Amino acid sequence: MDTSRQRYEMEATGWQRGVYDDVRATFRAPIVNWIWRTTMANYPDFCRYLWSQVKPLFETKAFARFSVRYRETVLSAIESEVEIPTYRRSELGVRPAEYTELRGQLATFDVVAPRLAVLFRVTNRALHGESVGASRGTDRAATAPFPDWLDAGRGREPSMVPVDEFDEDITETAAQFQRFHGFDDGLPSIYRCLAQWPTLFDALWADLGPVLESETFTAACDRADECTDAFVDSVPYSPRLAPDALATQGFDEALVADVQQLFREFDEGALDDVIPGLHLWAATVDAVGERDW
């Protein structure tokens, strides 16, 4: 699977563009994440099938409740040990419109974090024939619709700086984030977004780098994992993504092996501590969503 290939939204037409529109609407965020773009570029028919199988999981009141709890779980674990700094516009030296844009873009990552956590966990488990929905929720929220008001219209479409175009003054900070997460090269989208504001980018590592490298953040990530596992165990619908189910849909063994590897890497690899951090970065500019359900 060539993960350098992506089908960008402006390139997508017909049903592929429709899938992207549906992802944006269902995730309630003005972004189609990399995982969808590279899967669509490599295996478009599988991407469509995958979305048809996982979409219902994000449309329930139970998922809405989980998304709030996930955010609160991460932030409360950190706040129990340290005070999360907040950066005012004047401290970052940006104009009001730029500060509004910054907060809107980080709000988008705050919205998608719990959605990506569930997408990776459910898909990884299901592709390997592991349990999803072993203890199905029995309350009304398990199948009731996602409330219209939650996360509605909060974010702005993120823009990002290519890694090879980072401001020279922040290359050392970028290297620190890269080292912490264990990436051999490149950085996830959130850091390429933050790099648009060098003052903030440097401040985040200076003020919160020690937190990331502490037991406090490890505990926050562990609790987020437990929260995700509990939700995945309770989902009312089980996606048909096991290898035998994919075979009946005409997907060959090579494709199955590729997507199994991709989603296992995203669920259990370096991104395991990137996703919880999305809430932390949003909190530094007061751009987090609901924390109480």
**Complete:** Given the conditions (1) assigned to a helix (DSSP H, G or I); (2) surrounded by 18 or more Cβ atoms within 10 Å (Cβ to Cβ); (3) touching a helix residue (DSSP H, G or I) at 6+ places or on another chain (Cβ under 7 Å), every one holds for R48 apart from (2)
**Request:** Hey, can you tell me all the residues within region 191-201 that are buried (at least 17 other Cβ atoms within 10 Å of the Cβ), part of a helix (DSSP H, G or I) and either of a type in the set (S, T, N, Q) or without any contact (Cβ under 8 Å) to a residue 40 or more places away in the chain (or both)?
**Result:** Y191, R192, P198, F201
**Prompt:** Which members of region 112-143 meet the condition of being within 23 Å of F266 (Cβ to Cβ), of a type in the set (A, V, I, L, M) and either free of Cβ contacts under 8 Å to residues at least 12 places away in the same chain or touching a helix residue (DSSP H, G or I) at 6+ places or on another chain (Cβ under 7 Å) (or both)?
**Reply:** V112, A113, L116, A117, V118, L119, V122, L127, V132, A134
**Breaking point among (1) in contact with an Asp or Glu (Cβ under 6 Å, 6 or more places away or on another chain); (2) open to solvent by less than 20 Å² (accessible area, probe 1.4 Å); (3) charged (D, E, K, R), for D110** = (1)
**Complete:** The correct count of residues that are of a type in the set (S, T, Y), under 19 Å from A245 (Cβ atoms) and open to solvent by 40 Å² or more (accessible area, probe 1.4 Å) in region 113-143 is 1
**Message:** Every residue in region 26-36 that is surrounded by 19 or more Cβ atoms within 10 Å (Cβ to Cβ) and part of a helix (DSSP H, G or I), please.
**Reply:** F27, I35, W36
**Long-range neighbours under 7 Å by Cβ, at least six apart or interchain, first residue at pLDDT 95 or above within region 262-281, second of a type in the set (S, T, Y)** = F263/T123
**Message:** It is to be established whether one or more residues within region 60-67 are open to solvent by less than 40 Å² (accessible area, probe 1.4 Å), over 30 Å from L204 (Cβ atoms) and outside any helix (DSSP H, G or I).
**Reply:** yes
**Residue satisfying condition, being in contact with an Asp or Glu (Cβ under 7 Å, 6 or more places away or on another chain), crowded, with 18+ Cβ neighbours inside 10 Å and touching a residue at least 12 places away in the same chain (Cβ under 8 Å), within set F166, F146** = F146
**Request:** Output the residue which, of all residues in region 149-163 that are open to solvent by less than 50 Å² (accessible area, probe 1.4 Å) and of a type outside the set (D, E), is farthest from T60 (Cα to Cα).
**Result:** V161
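The values are calculated or read from the model by the stated rules, or taken from the named source; none is laboratory data. The structure displayed is predicted, hence computed values, not measured ones. Ideal geometry is used to build each Cβ from the backbone, glycine not excepted, and the neighbour counts take in all protein chains shown. To get the accessible areas, we keep the full protein, side chains included, count just its heavy atoms, and leave off ligands, DNA and RNA. Shrake-Rupley method; radii C 1.70, N 1.55, O 1.52, S 1.80 Å.
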